[in-house]
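Colleague: Let me give you the structure first, and then I'll get to my questions.
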Amino acid sequence: MTVKIGVIGTGMIGRDHTRRIQQVLTGGEVVAFSDVNLEGAKALRDDLAPDAEIFESGQALIASDKVDAVLVTSWGATHEEYVLAAIAAGKPVFCEKPLATTAEGAKGIVEAEVEHGKRLVQVGFMRRYDKGYNQLKDTLNSELGAPLMVHAAHRNPTVPEQYVTPMAIHDTLIHEIDTFRWLLDDDYVATRVTFPRTCSASHAKLRDPQIVTLITKKGVVINTEIFVNCKYGYDIQCEVVGEEGVARLPEPMSVVMRKNAKLQNPILTDWKGRFVEAFDTELQNFVDTAATGTVEGPSAWDGYMAAVTSDACVAAQEDEGATIDINYPDRPALYN
Ligand code: NAP
């Protein structure tokens, strides 16, 4: 069976996921597009899926009999309404992060899915599909004994001028927030934020770098440095310290060069290259499971947990050095 997919949001990631479905993955076909920018949608159709239909609204696309499953890759603030509409239509939906821009919004999606009684929502936390993180998780589970600490870093060479302090949580740390819950099979109970000296490449509305501490139910302390003006490259680091040893996330594969009395490895500068295979695997997983009418992988519950944790981290930014409690409701059985 070919899963007929409708794409809502035809900007950067909508285009990239369409390319994946049309040219890289198997079992899916993009048959519909919608975007507030109809010209952009038409251009994407002409480039990658000439037979696809253009819908004037995301709601009309979701309701169409031509569409079996939905990809939500529009601007973050619009995700909630489209995901809710897909659940109401009983169609599997892949939603790029964030699931919703407020914890309340994400909670509403969880409630709607629980009411529906079957999982339909997969959230785009692609790091769970990254080979390196999966190797680290296997090592952690088989070799390290109980995890005690995690040292991590999320560094970007530069960010746009409109990137401000809370975005370090909502747009950047959000990936670590989900990844470490999954990696450690744990939940967070508290957070605090420390701001070192601000780098000179930053501006008045962005305190950069920052160090976010997350403390888990089992007592693991995770320190993540976020540094989005690091200049030298896009660099994701993660080291887990366990009772029996220490394990580190593998570096992306690259050629080692000896030249001019130096031993060198290139460092990536663009995040798209860092997780390209993980994006392929996550979307193939969506297509494969959507064919059976359900989904796997990061759930609406995980999207909700990420939203609750993000809000607590932003509160911790606003109250530097204070420990902010993180309280979650009980997990519905659907997500066990
Ligand atoms: P983008 O290039 O700005 O594309 C977003 C598209 O959505 C634009 O074409 C925009 O049109 C359109 N749009 C805005 N409001 C809409 C509405 N009500 N209905 C339908 N379409 C609407 O942004 P992007 O970089 O692709 O990011 C899209 C989403 O993916 C964001 O939530 C982002 O956080 C997420 N993302 C995730 C990752 C990841 O690592 N997993 C990476 C990149 C992006 P206009 O341009 O006319 O406003």
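Quick note: the coordinates plus some simple rules give every number you see, no bench work behind them. Nothing here was measured: the structure is a model prediction, and the numbers come from that model. So basically every Cβ, Gly included, is an ideal-geometry build from the backbone, and we count neighbours across all protein chains shown.
Colleague: From the alpha carbon gyration tensor of segment 23-93, can you work out the equivalent ellipsoid semi-axes (sqrt of 5 times each eigenvalue) and give them in Å, largest to smallest?
Modeller: The equivalent ellipsoid of segment 23-93 has semi-axes of 19, 15, 11 Å.
Colleague: A further question on this structure: Would you work out which of T309, Q264, G14 lies farthest towards the positive end of the dipole of the chain? Charges go on Cβ: Lys and Arg +1, Asp and Glu -1.
Modeller: Of the listed residues, the answer is Q264.
Colleague: If you don't mind, there's one more thing I want to ask. Name the most mobile residue of T191, T213, T139, meaning the one with the largest mean-square fluctuation, in a Gaussian network model of the chain with Cα contacts below 10 Å.
Modeller: T139
Colleague: Moving to a separate point now. Which values of log₁₀ I(q)/I(0), to two decimal places, follow from the Debye formula for segment 280-336 at q = 0.16, 0.28, 0.31 Å⁻¹ with a uniform point scatterer at every Cα?
Modeller: -0.66, -1.08, -1.18
Colleague: How far apart, in nm, are two points set 7 Å out from the Cα along the Cα-to-Cβ line at M12 and at N141?
Modeller: Placing both labels 7 Å along Cα→Cβ, they lie 3.3 nm apart.
Colleague: When N is the residue count of segment 1-160, what does its C-alpha Rg come to as a fraction of 2.2 N^0.38 Å?
Modeller: My calculation over the Cα atoms of segment 1-160 gives 1.18.
Colleague: If you don't mind, there's one more thing I want to ask. Just V150, V308, V246 to compare: in a GNM of the chain, with alpha carbon springs under 10 Å, which one fluctuates most?
Modeller: V246
Colleague: For the chain, set up a Gaussian network in which alpha carbons nearer than 10 Å are linked by springs, and say which option among P209, P157, P98 fluctuates the most.
Modeller: Largest GNM mean-square fluctuation: P157.
Colleague: Could I ask something else about it? Quick one: if the Förster radius is 41 Å, what FRET efficiency do Q22 and I211 give, using the C-beta to C-beta distance and rounding to 0.05? Could you put the intermediate results ahead of the total?
Modeller: On the way: r = 42 Å, r/R0 = 1.01.
Working from the Cβ atoms, E equals 0.50.
Colleague: Follow-up. Check each of the GluC sites (Glu not before Pro) in segment 220-259 and keep only those in coil by DSSP with at most 12 other C-beta atoms within 10 angstrom; list them in order.
Modeller: E243, E244
Colleague: At a Förster radius of 30 Å, what calculated FRET efficiency corresponds to the Cβ-Cβ distance of T323 and A204, to the nearest 0.05?
Modeller: The pair T323/A204 has a calculated efficiency of 0.65.
Colleague: Between rounded, prolate and oblate, where does segment 90-210 land on the alpha carbon gyration tensor, with a ≥ b ≥ c its root eigenvalues, rounded for a/c under 1.5, else prolate if a/b exceeds b/c?
Modeller: In terms of gyration-tensor shape, oblate.
Colleague: On to the next question. Would you mind computing, in nm to one decimal, how far apart the modelled labels at T2 and K42 are, each placed 7 Å from Cα along Cα→Cβ?
Modeller: 2.5 nm
Colleague: Continuing with the same structure: Please compute one quarter of the surface area of the Cα convex hull for segment 1-61 and express it in square nanometres.
Modeller: So the mean shadow area of the Cα hull is 3.7 nm².
Colleague: Rounded to the nearest 5, what % of the DSSP beta bridges within the chain are antiparallel ones?
Modeller: 50 percent
Colleague: Which is the longest part of the chain that has none of the chymotrypsin sites (Phe, Trp or Tyr not before Pro) sitting in a DSSP loop with at most 13 other Cβ atoms within 10 Å? It would help to have the intermediate numbers written out before the result.
Modeller: Numbers: sites that count: W75, Y232.
Longest stretch, sites excluded: 76-231.
Colleague: Continuing with this model, one more query. Dividing the convex hull volume of the Cα atoms of the chain by its residue count, what figure in Å³ per residue is obtained?
Modeller: 157 Å³
Colleague: I've got another one for you. Based on other C-beta atoms within 10 Å, arrange C199, C238, C95, C230 from fewest to most. Before the final figure, lay out the partial values.
Modeller: Values: C199 15, C238 23, C95 27, C230 20.
Arranged by neighbour count, lowest to highest, C199, C238, C95, C230 become C199, C230, C238, C95.
Colleague: I've got another one for you. Seen from all sides and averaged, what is the projected area of the convex hull of the Cα atoms in segment 156-272, in nm²?
Modeller: Numbers: hull surface 38.6 nm².
Dividing the Cα hull surface by four gives the mean projection, 9.6 nm².
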